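Single-structure report; data block below.
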C-alpha cells in the first residue's frame, strides 16, 4: 500500500499536467461546440430547405460517427487533403464537431419546450423574430437545456481520453506512457481514473445544484 | 354606457373565412367597429371566437375575405408586407387567457423590454412608463418581482399594463378571466372597465356575461363559425332572436 502511495506521489505531477490538457481540450470543445450547437438548433428550423438539409447533415454525421473516428479523421485524414493540424488542433476540431452535433439536439428540445404562447406574446408586443429568439425563446430554452448540457460536458471530459489515440499528451496518454516504462499499469490507471472521478463527481453535484437554481423563476 | 364613440371605423371585417384542415372554423364573418367602442364576443366553445380575434392580429392567417384594422389592409389572397405587419403589431395589443408573461424577467422588464425594442424608447423612459402603468393597475410594488411570485389576477393585470405600454389603438382580449377564479377575475375586469371608460377600443372574447352586458357597447354572439346575432349589449343579451342564441343565453344566464 505504502509502495503504491509513494509511486502515486512520484507520478502525480505528470498526470496532473495531463489532466490540465484534458480539461483544456474539453473546455475548448465546449466553448466552440455549444454556441455552434445553438446555431445548428436554430438553423434546422430554417424555412430554407438547403439550409435545413445542410445543417441536418452536419448534425447527423457528428452524431452518427464515433468521436474516435472524427479524431482520427482530423489528425490522420485531413493532412492528405493538405490541412495539417497539430494533435491539439485536431482534438479540438473533432470534439467541437461532436459537441455541436449532440448539443444542437439537446438545445432544440429545450427551445421546443418553451410554450408557444411565449412566442405569440413576443410577436403581439412587436418584437422582431430575432428579438423574440434573443430575449424570450433562447434564454428560456437554454434554461431547460442547461442540466442536460452540463451532463454532456461531463461526458465530454471522459470522451477526451480518446485523444490519446492521436498522441495528445492528455491524462490517459500520460498514464499509458508511465505504464509502458514502469509496467505498473494497474496502479497508474487507477490513479488516472481517480483524477477523472475527482472532477466528474463534484461536477455532477454542481449540476444538481444549478438545476435547482434554474427552476426558480419558471412559471 | 353612453360613451360617444367616433364614427370612424377601426375594424372592418368582410367575408372572413378560416379553416384548419378540413374543419371550417370561420365562415363569412362580417363586422365592423368604431374607434372607442367596446365589443364583447360571446358564444359556445368552438364557435370560432378566439380564432376570429387571432385573425385580427394575424396570429392566424385567414383564408378568405379581408380585414382592415387601424387602416391596415389584409386580404387573404395577398401576402402581408413586413412593414404592414409591424404596423399591425404596433397598433394592436393583445391580452391572453394564459397571461404569457415572460417568466425569466422581472415584472418591470416584462413591460419595459417591448417598449425599448419595438418603440426604441430608452431604458429610463420605458421604466418610467412601466412604473406609471403598474401603479395604474394597482401593482406598483410588484415591479421587481418575478411573475411566478404574483397571483393569476396580478399577472393578468401586469399583462394588460404590458400591452398598454406600447400605446395600442385597440386591445384584443382573449378570454382574459377564464384562467382565474371568479373572485380574482373581478380585479381584472375592474381594470378593463376603467380602460373602457377611458375610451380605449376593445374587443373582448369572454364568458363573463355580466361584463358583456354592462361594460361593452355591443355584443356579438357567435356559433359554428358565424355571427348569429349582434347589436347593443342589453338587446342581444335580453332579447335574442334566433333559437340557437336563445338556447345559449338561457344556458349561461341562468346559472
Selection over the range A:171-187 where residues are in contact with a helix residue (DSSP H, G or I) (Cβ under 8 Å, 6 or more places away or on another chain) and more than 23 Å from residue A:88 (Cβ to Cβ) yields a count of 4
Residues within the range A:28-41 that are farther than 11 Å from residue A:96 by Cβ and surrounded by fewer than 18 Cβ atoms within 10 Å (Cβ to Cβ), tallied: 1
If I go through the range A:95-135 residue by residue, how many of them are under 30 Å from residue A:154 (Cα atoms), within 14 Å of chain B (Cβ to nearest Cβ) and surrounded by 23 or more Cβ atoms within 10 Å (Cβ to Cβ)? 1
For a quick check of your reading of the model, give me the residue pairs whose first member lies in the range A:139-156 and is closer than 28 Å to residue A:198 by Cβ and within 14 Å of chain B (Cβ to nearest Cβ), whose second is part of a helix (DSSP H, G or I) and at pLDDT below 90, with beta-carbon atoms closer than 9 Å and at least 6 apart or on different chains. A:146/A:207; A:146/A:210; A:146/A:211; A:146/A:214
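Do the conditions hold for residue A:159, that is, is it within 14 Å of another protein chain (Cβ to nearest Cβ) and either farther than 19 Å from residue A:45 by Cβ or buried (at least 18 other Cβ atoms within 10 Å of the Cβ) (or both)?
no
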Take the conditions more than 14 Å from chain A (Cβ to nearest Cβ), out of contact with any strand residue (DSSP E or B) (no Cβ under 8 Å at 6 or more places or on another chain) and closer than 27 Å to residue B:56 by Cβ and apply them to residue B:136. Does it pass? yes
Let me spell it out: the conditions are (1) modelled with pLDDT of 95 or more; (2) in contact with a helix residue (DSSP H, G or I) (Cβ under 7 Å, 6 or more places away or on another chain); (3) more than 9 Å from chain A (Cβ to nearest Cβ), and residue B:113 meets all of them except one. Which number is the exception? (3)
What do you reckon, is residue B:220 surrounded by 23 or more Cβ atoms within 10 Å (Cβ to Cβ), in contact with a helix residue (DSSP H, G or I) (Cβ under 7 Å, 6 or more places away or on another chain) and assigned to a strand (DSSP E or B)? no
Criterion (touching a residue at least 60 places away in the same chain (Cβ under 8 Å), in a helix (DSSP H, G or I) and within 14 Å of chain A (Cβ to nearest Cβ)) met by exactly one of B:89, B:54: B:54
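The values are calculated or read from the model by the stated rules, or taken from the named source; none is laboratory data. The structure presented is a predicted model; accordingly, all values stated were derived computationally and were not measured. Note that we place each Cβ from the backbone using ideal geometry, even for glycine, and neighbour counts take in every protein chain shown.
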